Every structure is written in structure tokens, then in C-alpha cells.
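Engineer: Pasting a structure here, questions to come.
Bear in mind that the values in this text are calculations on the coordinates, not laboratory data. Small disclaimer: the values here were computed from a predicted structure and weren't measured. Cβ placement follows ideal geometry from the backbone for every residue including glycine, while neighbour counts extend to all protein chains displayed.
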Amino acid sequence: MLAFSGKIGLLAVLALLVGNVEQAKGEMTFQAFMNGANVRPDPLPTLGTGLATLTLNDLETELRFEVAFQDLISYTTRIDIHFGSPNEVGPELFLLSQGAKNSPVLGALTAGELIPQPSIGINTFEDAILAMINNNIYMEIHTPAFFNDPFFTTVEVRGQLSPIPVPEPSTLVLLCIGSFCLLGYAWGKQYRRQ
């Protein structure tokens with residue numbers, strides 16, 4: 001039993017060492033769940049939904065995106081990103097797609113695709129990312145669903161982009177150590193019964 005306790009002590013020391021090593025800058029992921037209830041200024045009665053996942057690369061120069069949708073009343077005419085809180089209607093910052101007929105829609109955005117909005121302080125790609133981190137960016141999927149005119153479209157589903165929390169490496173190490181301790185305890189109890 002002493003040998004087992006020594007191993008636990010060694011693992012605890014290693015966890016402290018690993019936890020104190022500075023973590024390199026990594027990718028950041030954002031998601032938005034879209035539906036008609038989130039549309040502003042007036043929610044829309046639709047069964048359509050969408051899920052957008054955007055991943056910012058390590059250098060913070062590119063946002064890869066995947067936008068999946070289902071049960072929309074009609075085909076999509078636009079998928080775009082806007083500045084604004086959940087109850088605001090704000091200006092467009094990025095156009096992801098025009099006329100996508102199949103789900104999911106995949107692609108990447110860079111500084112070249114940004115539609116600057118100086119009046120709200122979004123002048124650079126970095127400004128847009130900071131707004132996204134602060135939950136001030138939303139996604140929309142437009143369709144001609146509520147109009148019979150393909151040139152007049154409306155937002156059918158909308159959702160706020162939010163950062164997805166990623167556990168720090170030290171948290172994962174501590175979780176593993178705790179799991180090993182519990183397994184060791186259970187194993188020790190079983191071994192003593194025999």
C-alpha cells in the first residue's frame with residue numbers, strides 16, 4: 001500500500017508542475033443555436049433550426065465555419081454574421097453564403113471578408129473577434145419563407161454566437177489524478193476483502 005501512495009504523491013507533484021507550465025495560445029471555438037424565437041425585432045413561427053460552429057485559428061487570422069440547418073420553410077438566400085446583443089438588430093459584419101441549398105455550409109473567413117462598421121467600433125478582424133468573445137455577435141439564416149418573392153428575403157432563424165469554454169490542461173490532469181485515486185481506493189478495498 002505504501003508503494004501505491006508513493007505513486008499518487010508523484011502524480012500529484014507532476015500535476016502541479018504541468019499545471020504551472022504556461023499554456024500556448026490555442027484555437028477558440030464559438031457556437032450559435034439558431035431558431036425563429038431568437039429573430040428580432042419580431043420572432044418568427046418556424047420549425048427551422050440551425051447550428052453554427054466557428055473556430056478561430058491559433059494566429060487569430062482565420063475563422064473556419066460550419067453552419068448546419070434543418071426544417072427551414074424554404075431554401076437559404078443568405079447566411080451572415082451581425083454585430084449586436086440578443087435583443088438588438090445590428091449591422092452585418094460577414095457574409096458566409098448566398099443561396100446555399102445543402103447543409104452543412106463550410107468555409108473560412110479572414111480580414112478580407114470583414115465589412116467594417118466604424119460607427120460601432122468594428123474596424124478590424126480583431127475588433128470583430130473581440131465582439132464575438134464578449135457575446136456581441138449573432139448569426140442569421142435568411143430565406144424567402146414568408147414571402148413569395150425570391151428577391152425579398154427575411155431572417156428565418158437567428159442565434160447568438162458564444163465562446164465554448166475549454167478546460168485548462170491542469171484541470172484535466174487533476175481530473176485524471178482524482179480518477180486514479182478513486183480507482184486505487186476501490187481496488188484497495190477489493191484487495192483487502194480477499
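Engineer: Hey, what's the per residue convex hull volume over the C-alpha atoms of the range 75-141, in cubic angstrom? Mind dumping the intermediate values first?
Structural biologist: Working: hull volume 6.2 nm³, N = 67.
It is 92 Å³ per residue.
Engineer: Something else now. Sorting check: for 38-50, 99-111, 70-82, which peptide has the highest mean count of neighbouring beta carbons within 10 Å, and how do the rest follow? Each step should come with its number before you reach the end.
Structural biologist: Working: 38-50: 15.8, 99-111: 13.5, 70-82: 18.7.
Packing order, densest peptide first, comes out as 70-82, 38-50, 99-111.
Engineer: Take Asp58 and Ile73, extend 7 Å from each Cα along the Cα→Cβ direction, and tell me the distance between the two endpoints in nm.
Structural biologist: It works out to 4.7 nm between the two label points.
Engineer: Residues with amide H under 5 Å of Ile122's amide H, sequence separation 5 or more or different chain, H placed in the peptide plane at 1.01 Å from N; which?
Structural biologist: Amide H neighbours of Ile122: Gln117.
Engineer: Oh, and also: How far apart, in nm, are two points set 7 Å out from the Cα along the Cα-to-Cβ line at Glu66 and at Ile115?
Structural biologist: Each label point is offset 7 Å from its Cα along the Cβ direction, giving 2.7 nm.
Engineer: Using a Förster distance of 22 Å, how high is the FRET efficiency between Glu27 and Gln98, based on the Cβ-Cβ distance and rounded to 0.05? Don't jump to the answer; show the numbers that get you there.
Structural biologist: On the way: r = 27 Å, r/R0 = 1.23.
According to the calculation, E is roughly 0.20.
Engineer: How far is it, in nm, from the label point at Val89 to the one at Leu130 when both lie 7 Å from their Cα along the line to the Cβ?
Structural biologist: Going by the 7 Å Cα→Cβ label model, 2.8 nm.
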